[in-house]
1. When a/c is below 1.5 the answer is rounded, else prolate if a/b is larger than b/c, else oblate, so apply that to the stretch 37-166 with a ≥ b ≥ c taken from the square roots of the Cα gyration tensor eigenvalues.
2. Excluding Thr56 itself, what net charge comes from residues whose Cβ is under 12 Å from its Cβ, given Lys and Arg +1 and Asp and Glu -1?
3. Would you calculate the convex hull of the Cα atoms in the stretch 29-89 and tell me its volume per residue in Å³?
4. Once you have the alpha carbon radius of gyration of the chain, what is it after dividing by 2.2 N^0.38 Å, with N set to its residue count?
5. Can you grab the distance from the C-alpha centre of the stretch 201-220 to the C-alpha centre of the stretch 229-244, Å, no decimals?
6. Pick from Gln239, Gln18, Gln214: which is most flexible by mean-square fluctuation in a GNM of the chain where alpha carbon atoms under 10 Å apart are linked?
7. Could you give the size of the charge dipole of the stretch 55-210 about its Cα centre, using +1 on the Cβ of each K and R and -1 on the Cβ of each D and E, expressed in debye and rounded to the nearest 20?
8. Quick one: among Glu30, Glu237, Glu117, which has the greatest mean-square fluctuation in a GNM of the chain with alpha-carbon springs under 10 angstrom?
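The values are calculated or read from the model by the stated rules, or taken from the named source; none is laboratory data. Note that this is a predicted model, so its numbers are computed, not measured. Note that each Cβ is placed from the backbone with ideal geometry, even for glycine, and that neighbours are counted across all protein chains shown. All accessible areas refer to the heavy atoms of the entire protein, side chains included, with ligands and DNA or RNA removed. Shrake-Rupley method; radii C 1.70, N 1.55, O 1.52, S 1.80 Å.
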Amino acid sequence: MIRALILALLLAPPALAQTLFDAGRVGMVEMYRPQSGEDDRPQLRLVRGGQRLWQTRAWGFEVLDPPLRTAVDTPMLTGITGWSGGAYCCWTLHVFARTAQGLAHAGDIPLGKRSPEHLRLQEPDSTLIRIADPAHDFWDYVSSLGADIGPLVPFAWDGRRLAADAAAMRRASAADCPAVPTPDPGSWSRFNPGQPNPATELARASLCRIYIGQAASVDQVLALFPAEERALREATERQMKARLACSTHAAILRRINDRTPLIPTTCRQNGPDYTAVSTLLERRPSR
């Protein structure tokens with residue numbers, strides 16, 4: 001009898017809906033597994049009062065634990081990550097908040113390559129939430145190796161959703177950015193695992209300044225490219241502009257930097273400037 005019951009449980013089809021977060025009468029978030037159709041990705045659904053208020057599709061939904069909070073007087077936020085599928089990429093953070101009206105969808109934030117097991121958005125006993133901008137992932141991708149530049153963006157509750165916090169971005173200083181490197185002359189043409197190219201590190205220092213509203217100081221950083229690396233500097237600037245134009249934070253970055261020309265208004269994702277530095281590095285022989 002027991003053996004038959006275990007066999008029946010093993011052979012039973014998976015439940016169509018699985019509750020991932022239950023806030024009681026104010027709402028719940030569930031994962032629904034479609035049984036047939038062209039798109040067999042699970043659905044993430046926000047349900048309240050028997051009504052479906054929001055939904056999306058992805059793979060591998062996971063609930064972040066513990067919940068997030070941006071201040072004592074703001075709602076408790078539940079984060080659920082979803083994976084698009086594919087090597088290395090990409091994850092999205094779906095945010096839900098307990099509001100006076102009930103459980104509500106409060107934002108979809110791209111995470112890029114940052115998978116849930118490596119994700120830490122908030123330190124213990126802290127209300128500061130910082131999320132890396134994935135627009136600068138795979139920065140100097142060369143021969144299957146690469147480095148990522150992830151400028152950190154502070155997020156806060158704006159009364160309706162979890163959103164990038166312009167005031168907090170402006171409060172940061174250059175001291176909060178990575179140190180500007182002083183590379184040796186022979187390192188510019190090398191690409192070694194764990195040792196990013198100096199051009200990558202100068203781009204990292206430059207982008208950090210843009211993300212705190214100090215784009216005017218970027219020229220001082222880029223001036224550290226040696227004269228013989230003029231082509232690499234120009235390619236780095238083109239790549240920075242292309243990636244910034246395609247960032248989900250482009251509008252707020254233009255605002256805090258007084259509409260700097262470093263952030264064009266047209267996004268041409270995966271165009272030649274999007275990987276300008278990698279193209280140059282791939283053509284260079286190792287020394």
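1. oblate
2. Residues close to Thr56 contribute a combined charge of +2.
3. Dividing the Cα hull volume of the stretch 29-89 by its residues yields 116 Å³.
4. Relative to the 2.2 N^0.38 Å estimate, the chain comes out at 1.19.
5. First find each Cα centre; the distance between them is then 13 Å.
6. So, out of Gln239, Gln18, Gln214, the one fluctuating most is Gln18.
7. The dipole magnitude comes to about 300 debye.
8. Glu117
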